[in-house]
Amino acid sequence: MREGRADPSGAVPLPDYVIEVEGLSKTFGDRVVVRDLSMRVKRGQIYGFLGPNGSGKTTTIRMLCGLLTPDAGRGSCLGLDILTQSRAIRRHVGYMTQKFSLYADLSVRENLEFVARIYGVPNPVAAAKEAVERLGLAGRDEQLAGSLSGGWKQRLALGACILPSPQLLLLDEPTAGVDPKARREFWAQIHALAAEGLTVLVSTHYMDEAERCHEIAYIAYGELLAQGTVEQVVAGAGLSTWSVTGGDPAALARELLDRPGVELVAPFGASVHVGGHDAAALEAAIAPFRGRPELTWRKDEPTLEDVFIDLMNRSRDNFR
Ligand code: ADP
């Protein structure tokens, strides 16, 4: 991804906002994949990028680091212009994709030393050793990369990504298909890196990972629909929600969806979350159901998942 070693001084004075872009758009053929997207990411933060598949997250990430030129829009990454200084941006960005891109038939140590040499890291052997320690890969350094489990592969890829000392990490669904324990450990690494001052933009499908980010953005059908802290995104959705237990959740969900005032019905295990933007209309809609003895109703706070389902439903309707 990078085109060489970062400045020997290593230091680019970083602005308060490491990413600051406005009105980014990208069209492939006749399809608008990213539409008028504006976002800002503060230095040292973990910024989560969420949204359904095909919503334009990867395309946006590639525009941010200069791998793809937007059709419209402007902005900066690491204080450098994304339109005219993409080569310089790439020197200071670590980009990790879901696809494992290291050498399966080299060991963990050999892969890291190879990456260190390619990027001109001084003393590649020592740098690889340090990365092994830092990422908890000790004991696996002589193992062939191809024989590692998914979680360890991603950890190795992260190690390779940070070897050239980037100032920004762009992680594109780094934990897709990784088991929950390895995902937790991977996130502990991300937090440790952020605590050292690295800024991290990470795309994910997992709700628990969204909750671990300092700020999040939700993108659907190419449009950024919400951004801020988890609390801000939940509050900004303006959803009223109730939770109901008892009865047959699937049948209940079908019945509730037909009621005017009900805009969201999301089964959660044995309960169903019911939501809408007009609290009074929602209460009127569920009133006939509240007399049913088998059901227990509780006014509830909306969850982040409720909010994402609602955002997706509404953007799908607009899209249609
Ligand atoms: P996400 O990362 O949210 O899954 P992507 O940015 O990968 O979404 O893709 C958004 C849409 O753009 C998808 O429909 C994808 O097929 C399309 N797309 C991505 N890259 C290209 C390309 N180089 N040429 C044509 N279509 C593309």
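Here are a few things to note about the model shown:
- Antiparallel DSSP beta bridges within the chain, as percent of all bridges there, nearest 5: 65 percent
- One decimal place: the segment residue 314-residue 270 gains 13.3 nm when fully extended, by the rule 0.36 nm per residue minus the C-alpha distance.
- Residue 184/residue 103 FRET efficiency (R0 41 Å; Cβ-Cβ; nearest 0.05): 0.90
- The magnitude of the dipole of the chain, with charges of +1 and -1 set on the Cβ of Lys/Arg and Asp/Glu and taken from the Cα centre, is near 720 debye.
- Spin-label pair residue 257/residue 299, simplified geometry with 7 Å Cα→Cβ offset, distance in nm: 2.8 nm
- Number of Lys-Lys pairs in the chain with C-alpha atoms under 18 Å apart and a separation of 8 or more places or on different chains: 5.
- In this Cβ point-charge picture (+1 for Lys and Arg, -1 for Asp and Glu), segment 207-304 has a dipole of about 360 debye about its Cα centre.
- Loop GluC sites (Glu not before Pro), segment 49-158 (other Cβ atoms within 10 Å of the site Cβ: 12 or fewer; DSSP): 142
- Counting only protein heavy atoms and a probe of 1.4 Å, the accessible surface of segment 240-301 is 53% carbon and sulfur.
- Dipole of the chain computed with +1 at Lys/Arg Cβ and -1 at Asp/Glu Cβ about the Cα centre; of 296, 27, 126, farthest Cα towards the positive end is 126.
- Accessible area of the chain divided out per residue, in Å², using a probe of 1.4 angstrom: 46 Å²
- 10 Å-binned pair-distance histogram of segment 1-142 (Cα, whole percent): 11, 33, 32, 20, 5, 0
- Rounded, prolate or oblate (a/c below 1.5 giving rounded, otherwise prolate when a/b exceeds b/c) for the chain by Cα gyration tensor: prolate
- Difference of contour (0.36 nm per residue) and Cα-Cα distance, residue 192 to residue 208: 4.0 nm
- In degrees, nearest ten, helix 279-290 long axis to first principal axis of the chain (Cα): 60 degrees
- FRET efficiency, residue 292 to residue 28 (Cβ-Cβ, R0 51 Å, nearest 0.05): 0.55
- Using alpha-carbon coordinates, inclination of helix 180-195 to the longest axis of the chain, degrees: 60 degrees
- Charge dipole (the chain, unit charges on Cβ, about Cα centre) - positive-most of 228, 180, 160: 160
- Share of carbon and sulfur in the accessible heavy-atom surface of segment 4-233 [1.4 Å probe, %]: 49 percent
- Gain on full extension, evaluated as 0.36 nm per residue between residue 176 and residue 250 minus their Cα-Cα distance, stands at 23.8 nm.
- Here, segment 92-226 is characterised by an Rg to Rh ratio of 0.97, where Rg is the alpha-carbon radius of gyration and Rh the Kirkwood radius.
The values are calculated or read from the model by the stated rules, or taken from the named source; none is laboratory data. A quick note: this is a predicted structure, and the numbers were derived from the prediction, not measured. Here Cβ is always computed from backbone atoms with ideal geometry, including for glycine, and neighbour counts include all displayed protein chains. Keep in mind that these areas ignore ligands, DNA and RNA; they rest on the heavy atoms of the full protein, side chains included. Shrake-Rupley method; radii C 1.70, N 1.55, O 1.52, S 1.80 Å.
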